[in-house]
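Student: Structure provided below as structure tokens; questions to follow.
The values are calculated or read from the model by the stated rules, or taken from the named source; none is laboratory data. Here the structure is a predicted model, which is why all the values come from computation and not from measurement. All Cβ positions, even for glycine, are placed from backbone atoms using ideal geometry, and neighbour counts span all protein chains on display. Just the protein is used for accessible areas: all its heavy atoms, side chains included, with ligands, DNA and RNA removed. Shrake-Rupley method; radii C 1.70, N 1.55, O 1.52, S 1.80 Å.
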Amino acid sequence: MNDILQFLAFGFSVALQPHNVLYAAIGAFVGTLIGVLPGIGPVSGIALLIPLIVSLPPASAMILLTAVYYGTMYGGSTTSILLNVPGEASSVATTFDGYQMAQQGRAGPALAIAAVGSFIAGTVSVAALMLFSLPLAGWAVAFGPAENFSLMVLGLSSVSMLTGEHFVKAMISTVAGLMLATIGVDIVSGMNRYTFGMPQLYDGIDLVTGAVGLFAVSEVLLASNGITGAGRVAKIQRLWMSARDFLDSGWAIVRGTVLGFYVGILPAAGATIASFLSYNLERRLAKDPSRFGKGDIRGVAGPESANNAAAVGNMIPMLSLGIPGSSTTAVMMGALLILNVIPGPTLWTKHPDVVWGLIASMYVSNAILLVLNLPLVGLFVQILKTPERILYPIVIAVCVIGVYAASRSQAELYVMLALGAFGYYMRRHDYPLGPAILGLVLGDRLEQTMRQALIIKDGNWAVFVTRPLSAAILALAGLSLLGPLFLNWTRARTLRRYAAAETD
Amino acid sequence: MTTRSRIGIALSIVLVMSGAAGAAAPYPQRPIEIIAPAAAGGGWDLTARMTVRALQEERQISQPMTVTNMVGGSGAVAIAHVNTRRKGDAHVLTVMGSSLTATLARRVVPYTFRDVTPVAAITGDFQVLVARRDSNFVNLRTFIDVLRRDPALLTIAGGSAFGALDHLTFAALAKKVGVDATKVRYVPTSGGSDALTLLLGSQVTAVMTSVSEALGAIEVGQIKVLAVFAPERIGGPLRGVPTAREQGTDFVYVNWRGYYLPPEVPTEVTAFWQQTIDRMAKSKSWAKILDETKWASFLRFGEPLRQFLDQDINETASLLRELGLMR
């Protein structure tokens, strides 16, 4: 422990050097901008900087890149909350309650809790990374395809919570999302599915394009038809969250942090899945789950903490095993290798300035981001005062610019618009959108891991229940899916019995 | 094609020709665009960005250079774009490589390497076969013994789909030693690091991937490299690893990368880029980049390049047919 404190002190001596603080600040600012723009995510942000960092000392270079990564995680929530436009895939779950809060005039508390939750989750996770990185690396490889498949099923089981009133419509919506996820090259057969000969569809439907189309574009379509109740934003009540808001979200932040950190370590899962699992967990644990989806602050605090904690957890397999857990950390590892810094257990002894400087700089960037983001809340909230006839065209412009900048492809814009029209149809007919996006998020990995597990076991389906961890997760998923249905059923039966007793 | 670009091309021809006549060549007279047909962060993207870095460091190009990421179908979207929108455009270079070969061999798009103007192959990322450090496989020989005797014992993971690079490498290796590749379980994943995670979790017996994908895990020491499929040993952390050839199996497989120009560009422009890339590849800046990325130099121009591409396509197509992935 003393050693760690000494190392950390050394780390801070690196991270607090004026030029390194400057790099962290620049990175945090650039990252926030990248995060705000939908489409361009942490991967492209970091990749674009790589050729520029080669002339920097390794510690400074990594501080800059990590700050960008962190910044995107913070920035992604802003447009999710204000405009229903998720900046990153990992902030899709934030839209469910965040946007509703903004509509009710509570954008300030939503943005504030997102920043505070991210700060707490980030700081705590870095401490965990610092203390337990090596022992936790085993957890990263303990999950084989069977376990990962079960984890995806657990994620999917949360549809029963995202449903609203119509269970069957929610199921249809889930299946629609899963079907959208099958578009593109099937990695098992190597064949194209549902691409209609268009090369632009070979890589499938990008998650951000999907979320932007389904949520944001459909929102604008509804508003322009004067249908949505969303049309007029309620008067902004207060900019800062109340003590009660914070107390309400306290446990959501704690749970989101722990859950996000562990899920983030798993290479197959990552920040997006962590945020959905956290949303589901919060709703499940709430005494009054009906408030979720209608602007419950816990629905913002949980996922936003989870995605930041996952971003840190994600670094563990990279730092200790040399295996990056996500495309973002893959790019970061590429940067490390270019700087001739070799990840792995020896990293901690061979390049203490990089590792401990990096860890200390995570604290520094967290603090910078909090300072940067909180005052901006007031500024961002003003956006909502913009008249609709000006705001909605701007929303569409932001979506188009973001999606086009990320893909440089017109086809991607057509996909976005088509999904917008599809989302509009769904919402007009009371199909909930949450399950569709969940299906799109999980579908790819769900199918891949299932088929990988089956290939390894020569097609024996028992693999999902004979492996204890996988069986346990599946059981949890079963409970999660059927539990609420069963409760409803018994409640209905009891009610009927009372009703019958009364008529007697 | 717009009138402006037509004039641009006409001008460039005139200028390149006048350059050839004596004065310093004024081509390029517009900024150069490099299309990386994949997302930022991958090997194709890095190739493009490192080229820009080296050409700028060596001050070889007077015009600014930009990188465009045109994601889609392992290069299919980019080659379609170049053929439909950029015909004759002398100011756009596109990255190509092994994955594009596989795409073209499967006739995913109605184009071949003959529909564009290949300029050069530049780098090669050689394939490696790796196993867990505590695995029973000592080297490639012991692996091939098992492969011949009882292929059903093996489960191989790779960082690509069926019929794409890592699977093709394994199929070619199996074919080389006379084993039917379809008898071995192949677990496709969406990237080298996913495959390595399966290996460390003891889900599979070995992983086929490339040097640069496996480098991190190799350095950490959790995995051992059974063989490098390169013509000779590669340096750095793999200098102690024998090639397949040294172990009695004459097998080389490379994930090569290079550049093509659009169809119908003036031959002077092609010549300009051949010279420029040749000079760049021999520069100090490029040597440093190769050392950083652990890519090998894989220079091919002109007729040898054309032959290499033909051979690459034909071999890939016949492998795909044998795997039953193409008629």
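Student: Anything in segment A:160-175 that is crowded, with 20+ Cβ neighbours inside 10 Å and modelled with pLDDT of 80 or more? List them, or say none.
Tutor: A:Ala170, A:Ser173, A:Thr174
Student: Let me ask another. Quick one: would you say A:Ser118 is surrounded by 24 or more Cβ atoms within 10 Å (Cβ to Cβ) and in contact with a Pro (Cβ under 8 Å, 6 or more places away or on another chain)?
Tutor: No; evaluated as a whole, the condition is false for this residue.
Okay, residues lined up against (1) under 21 Å from A:Val331 (Cα atoms); (2) crowded, with 20+ Cβ neighbours inside 10 Å; (3) free of Cβ contacts under 8 Å to residues at least 40 places away in the same chain:
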| site | (1), (2), (3) |
| --- | --- |
| B:Arg257 | yes, yes, no |
| B:Leu261 | no, yes, no |
| B:Glu264 | no, no, no |
| B:Met280 | no, yes, no |
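Student: Consider B:Tyr253 against the criteria (1) of a type in the set (Ser, Thr, Tyr); (2) more than 20 Å from B:Ala181 (Cα to Cα); (3) in contact with a strand residue (DSSP E or B) (Cβ under 6 Å, 6 or more places away or on another chain); (4) open to solvent by 20 Å² or more (accessible area, probe 1.4 Å): it satisfies all of them except one. Which criterion is unmet?
Tutor: Of (1) of a type in the set (Ser, Thr, Tyr); (2) more than 20 Å from B:Ala181 (Cα to Cα); (3) in contact with a strand residue (DSSP E or B) (Cβ under 6 Å, 6 or more places away or on another chain); (4) open to solvent by 20 Å² or more (accessible area, probe 1.4 Å), only one is false for B:Tyr253: (2).
Student: May I ask you to say which residue of A:Arg467, A:Arg493 is more than 25 Å from the chain's Cα centre (by Cα), in contact (Cβ under 8 Å) with a residue 12 or more places away in the chain and open to solvent by 50 Å² or more (accessible area, probe 1.4 Å)?
Tutor: Matching residue, one of A:Arg467, A:Arg493: A:Arg467.
Student: Moving on to the next point. Cβ contacts < 6 Å: first residue more than 12 Å from B:Val254 (Cβ to Cβ), restricted to segment B:298-318; second residue of a type in the set (Ser, Thr, Tyr), any location; separation 6+ or different chain. Result?
Tutor: Matching pairs, first to second residue: B:Ile313/B:Thr101; B:Thr316/B:Thr101.
Student: Here is a follow-up. Have a look at B:Ala120, B:Ala164 and point out the one that is modelled with pLDDT of 95 or more and not hydroxyl-bearing (Ser, Thr, Tyr). Write out each step before concluding.
Tutor: Numbers: B:Ala164 fails: modelled with pLDDT of 95 or more.
None of the others qualify; the one that does is B:Ala120.
Student: Still on this structure, please answer the following. Only one of these is buried (at least 16 other Cβ atoms within 10 Å of the Cβ), at pLDDT below 90 and closer than 30 Å to A:Ala140 by Cα: B:Gly221, B:Gly216, B:Gly236. Name it. Steps first, please.
Tutor: Numbers: B:Gly221 fails: buried (at least 16 other Cβ atoms within 10 Å of the Cβ); B:Gly236 fails: buried (at least 16 other Cβ atoms within 10 Å of the Cβ).
Going through B:Gly221, B:Gly216, B:Gly236 in turn, just one is buried (at least 16 other Cβ atoms within 10 Å of the Cβ), at pLDDT below 90 and closer than 30 Å to A:Ala140 by Cα: B:Gly216.
Student: So which residues in segment A:32-41 are more than 12 Å from B:Ala39 (Cβ to Cβ) and either surrounded by 18 or more Cβ atoms within 10 Å (Cβ to Cβ) or in contact with a His (Cβ under 7 Å, 6 or more places away or on another chain) (or both), if there are any at all?
Tutor: A:Thr32, A:Ile34, A:Gly35, A:Val36, A:Leu37, A:Pro38
Student: Right, another one. Tally time: how many residues in segment B:224-249 are more than 9 Å from chain A (Cβ to nearest Cβ), not in a loop (DSSP other than H, G, I, E, B) and not hydroxyl-bearing (Ser, Thr, Tyr)?
Tutor: Adding up the residues that qualify gives 10.
Student: Is it the case, given these coordinates, that A:Met362 is more than 14 Å from chain B (Cβ to nearest Cβ), open to solvent by less than 10 Å² (accessible area, probe 1.4 Å), touching a Gly at 6+ places or on another chain (Cβ under 9 Å) and in a helix (DSSP H, G or I)? Break it down into steps so the answer makes sense when it comes.
Tutor: Details: more than 14 Å from chain B (Cβ to nearest Cβ): yes; open to solvent by less than 10 Å² (accessible area, probe 1.4 Å): yes; touching a Gly at 6+ places or on another chain (Cβ under 9 Å): yes; in a helix (DSSP H, G or I): yes.
Yes.
Student: So how many residues does segment A:341-355 have that are open to solvent by 10 Å² or more (accessible area, probe 1.4 Å) and either more than 10 Å from chain B (Cβ to nearest Cβ) or closer than 17 Å to A:Ala47 by Cα (or both)?
Tutor: Narrowing segment A:341-355 to residues open to solvent by 10 Å² or more (accessible area, probe 1.4 Å): A:342, A:345-346, A:348-353.
Now restrict to residues that are either more than 10 Å from chain B (Cβ to nearest Cβ) or closer than 17 Å to A:Ala47 by Cα (or both): A:348-353.
Selection size over segment A:341-355: 6.
Student: Step by step: first the residues of segment B:172-188, then only those that are in contact with an Asp or Glu (Cβ under 9 Å, 6 or more places away or on another chain) and within 12 Å of chain A (Cβ to nearest Cβ), then the one that is most open to solvent (accessible area, probe 1.4 Å). Which residue is that?
Tutor: Quick first cut of segment B:172-188, residues in contact with an Asp or Glu (Cβ under 9 Å, 6 or more places away or on another chain) only: B:172, B:174-176, B:180-182, B:185-186, B:188.
Pick out the ones that are also within 12 Å of chain A (Cβ to nearest Cβ) and you get B:185-186, B:188.
Numbers: B:Arg185: 47, B:Tyr186: 9, B:Pro188: 0 Å².
By that ranking, first place goes to B:Arg185.
Student: Of B:Val92, B:Val71, which residue is open to solvent by 20 Å² or more (accessible area, probe 1.4 Å), of a type outside the set (Ser, Thr, Tyr) and closer than 29 Å to A:Ile50 by Cβ?
Tutor: B:Val71
Student: Here is a check on your reading of the model: is B:Thr209 part of a strand (DSSP E or B), polar (S, T, N, Q) and either within 13 Å of chain A (Cβ to nearest Cβ) or under 19 Å from the mean Cα position of the chain (by Cα) (or both)?
Tutor: It is true that B:Thr209 is part of a strand (DSSP E or B), polar (S, T, N, Q) and either within 13 Å of chain A (Cβ to nearest Cβ) or under 19 Å from the mean Cα position of the chain (by Cα) (or both).
Student: Sticking with this one: For segment B:146-160: of the residues being under 17 Å from B:Tyr253 (Cα atoms) and open to solvent by 10 Å² or more (accessible area, probe 1.4 Å), which is farthest from the other protein chains (Cβ to nearest Cβ)?
Tutor: B:Gly159
Student: Restricting attention to segment A:278-330, which residues are within 14 Å of another protein chain (Cβ to nearest Cβ), of a type outside the set (A, V, I, L, M, F, W, C) and assigned to a helix (DSSP H, G or I)?
Tutor: Matches in segment A:278-330: A:Pro317, A:Ser320, A:Ser327, A:Thr328, A:Thr329.
Student: Based on what the data block shows, is B:Phe143 within 30 Å of B:Arg107 (Cβ to Cβ) and either under 19 Å from the mean Cα position of the chain (by Cα) or more than 14 Å from chain A (Cβ to nearest Cβ) (or both)?
Tutor: Details: within 30 Å of B:Arg107 (Cβ to Cβ): no; either under 19 Å from the mean Cα position of the chain (by Cα) or more than 14 Å from chain A (Cβ to nearest Cβ) (or both): yes.
Answer is no for this residue.
Student: Is it the case that B:Gly158 is in contact (Cβ under 8 Å) with a residue 40 or more places away in the chain and either within 25 Å of the chain's Cα centre (by Cα) or at positive phi (or both)?
Tutor: On the way: in contact (Cβ under 8 Å) with a residue 40 or more places away in the chain: yes; either within 25 Å of the chain's Cα centre (by Cα) or at positive phi (or both): yes.
Considered against the rule, which asks whether it is in contact (Cβ under 8 Å) with a residue 40 or more places away in the chain and either within 25 Å of the chain's Cα centre (by Cα) or at positive phi (or both), B:Gly158 comes out as yes.
Student: Now for a different question. For segment A:416-436, give me each residue that is open to solvent by 30 Å² or more (accessible area, probe 1.4 Å) and assigned to a helix (DSSP H, G or I).
Tutor: Once the filter is applied, which keeps residues that are open to solvent by 30 Å² or more (accessible area, probe 1.4 Å) and assigned to a helix (DSSP H, G or I), segment A:416-436 yields A:Leu417, A:Ala418, A:Ala421, A:Phe422, A:Tyr424, A:Tyr425, A:Arg427, A:Arg428.
Student: Next question. List the residue pairs whose Cβ atoms are under 8 Å apart, where the first residue sits in segment A:389-406 and is more than 16 Å from A:Ser80 (Cα to Cα), the second is among the acidic types (Asp, Glu), and the two are 6 or more positions apart or on different chains.
Tutor: From segment A:389-406, the pairs are A:Tyr404/A:Glu412; A:Ala406/A:Asp206; A:Ala406/A:Glu412.
Student: Here is a list: A:Ala453, A:Ala411, A:Ala406. Which entry is open to solvent by less than 50 Å² (accessible area, probe 1.4 Å), within 14 Å of chain B (Cβ to nearest Cβ), part of a helix (DSSP H, G or I) and modelled with pLDDT under 85?
Tutor: It is A:Ala406.
Student: Just one of (1) outside any strand (DSSP E or B); (2) within 14 Å of chain A (Cβ to nearest Cβ); (3) over 30 Å from A:Ala268 (Cα atoms); (4) open to solvent by less than 40 Å² (accessible area, probe 1.4 Å) trips up B:Pro110, so point out which.
Tutor: B:Pro110 satisfies every listed condition except (4).
Student: Looking at segment B:286-309 only, could you name the residues that are open to solvent by 60 Å² or more (accessible area, probe 1.4 Å) and away from chain A (no Cβ under 13 Å)?
Tutor: B:Ser297, B:Arg300, B:Glu303, B:Pro304, B:Arg306, B:Gln307
Student: Could you tell me which of the residues B:Arg141, B:Arg114 is of a type in the set (Lys, Arg) and either touching an Asp or Glu at 6+ places or on another chain (Cβ under 7 Å) or within 26 Å of B:Gln222 (Cα to Cα) (or both)?
Tutor: Of the residues listed, the single one that is of a type in the set (Lys, Arg) and either touching an Asp or Glu at 6+ places or on another chain (Cβ under 7 Å) or within 26 Å of B:Gln222 (Cα to Cα) (or both) is B:Arg141.
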